[in-house]
Structure formats: C-alpha cells, structure tokens
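Report on the following structure.
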C-alpha cells in the first residue's frame, strides 16, 4: 500500500453562529496516496473549496482529524501551521494572484527569495520553470501583457517553485477557454508526475477529468462517491468507499 500524503476523517466545518450557522462539511473523510492526482467535484456549495482549504491547512475543522505528510495538523499552533504550509504545500488559485507590477520572472523569484534563496538562485530556478512551461519568450512581461492562459502558467510555475510535496489547485481552469484549460492541466500534471508530487484539484470542468487518477464527488457537504475517469457512473456511497482504492482511502 502506498503511504498517504493526506488523511482526513470525520471532518466537520460550519460558519456563522446560532440560527445563522451553516454546516458546510459534514463528517467528511478522505485519504490521498503520495503521488496521487485527485479531483474534488460537485455542485456549487457542496463544500469542495472548504475541504481543499482544510487539506491545505488554511482552515481548521470544527471536528475531526487531519494528518498531512504524517503530521497531526490539529496539534500545530497557528505559527507552526503557517511554517508547515510554506515548507510543504503549494497553491494555485483561479484568480492567479500575481503582482501586477512585477514581471513573470519576478513574480516567481520573489516567492523564492522570501523563502531564503539568493536572488541568483531564485532567478535561475524561476527561469527554468518558465522555460518548462513554454514561457521563455515572456519572462520579462507583466501580467497585463500576458494572455489569461499565460498568467495561469506563471501561477503554476510559482506554485511549483518551492518544490512542495503537495500541490492544491482551486478551479485552475475556471478563467481559461477549453484549449488553454487542457494545455495548462497537461503541463501541470506532467510536471507533478515528474516530481512525484501529490495534486488535489477542485473543479467544475468535466473536460479535465481525464487528467485525474481519482475523482471524489461531494454534495451537501458530504463525500458521496469516488470514481475513476471514464467510470463516472460509479454510484457507490461513502460507506462503500472505506476500503482501499488506488492506494488511498476514503473514510466516511
């Protein structure tokens, strides 16, 4: 059995107080194997982004346990979670979050300098990533001078720059047309597999499902089934998914 990068069991998350409290996740459980590519799918409001934020140590669950890379995240204080996130996790957001006044190269290099690399080291690693993503002719352009697809590739390069063990992406193709969405996901999954990283993606885009090893479907805050690309008719329930699947576990 492959080791687990992520194991979440009985995770519950709500927002608000009293009568205004909204329960977003309800006893959700999920195990993800090291090196696995898992997509979180489901309708708006199903809890996908909240679950991703918990797996990425950006939010803490109200109840339940979370182990990431063997660490009990619930036992870490705020400063320790921040340090853990910076060291081991990478994030890709649908809005790119690039600095508008910096070039593509500097957007990546700055994140590396802030993590302790020298400027020459940061520039060299950033340039190598941009070249891998086909942006070698665009390195000195600012985000406003790049296409939407190019901006997302810069965001991918920045997320990969610190060589995280786990990469989390929230709707990475939402701002892209079909052709650019396919291109970005192909480049991303190729690079992730080359590096042996674990990738978790929240998406509404069924066109990119073939890039996943496994698709976990959420509805009303619950994990309702897991399926493989091409086998989306699998309607098994979370209880039936507690056994090992593709080297990982889904626990209800």
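Taking packing as the residue-averaged number of other Cβ atoms within 10 angstrom, the listed peptides 16-25, 184-193, 50-59 run from highest to lowest as 50-59, 184-193, 16-25. Note down the Stokes-Einstein diffusion coefficient of the stretch 128-174 in µm²/s, whole number, using a Kirkwood radius over alpha carbon pairs, 10 °C, and 1.306 mPa s. For the chosen part, D equals 140 µm²/s. Helix 148-161 versus the longest principal axis of the chain: what angle, 0 to 90°, nearest 10, using Cα atoms? Between helix and principal axis, roughly 80 degrees.
Each of residue 206 and residue 60 was given a label point 7 Å from its Cα along the Cα-to-Cβ line. The distance between the two points is 4.0 nm. Rounded to the nearest 10 degrees, the inclination of helix 119-132 to the longest alpha-carbon principal axis of the chain is 70 degrees. Once the C-beta distance of residue 20 and residue 101 is scaled by a Förster radius of 30 Å, the resulting FRET efficiency is 0.15 to the nearest 0.05. The packing ranking of peptides 60-68, 112-120, highest mean first, is 60-68, 112-120, where packing means the average number of other beta carbon atoms within 10 angstrom of each residue. Between residue 144 and residue 175, the modelled label-to-label distance comes to 1.5 nm, taking each label 7 Å out from Cα in the direction of the beta carbon. Against the main long axis of the alpha-carbon atoms of the chain, helix 78-88 sits at an angle near 60°. Put simply, the chain fits an ellipsoid with semi-axes of 31, 20, 17 Å; these come from the alpha carbon gyration tensor as the roots of five times its eigenvalues, largest first. Each of the peptides 195-202, 129-136, 141-148, 88-95 was scored by the mean count of other Cβ atoms within 10 Å over its residues; in descending order, highest first, they stand as 195-202, 88-95, 129-136, 141-148. Net length available on complete extension from residue 194 to residue 72 is 41.2 nm, with 0.36 nm assigned per residue and the Cα-Cα distance removed.
We did not get these values from a lab; they are worked out from the coordinates using the rules stated. Small disclaimer: the values here were computed from a predicted structure and weren't measured. Positions of Cβ are backbone-derived with ideal geometry, glycine not excepted, and every protein chain shown enters the neighbour counts.
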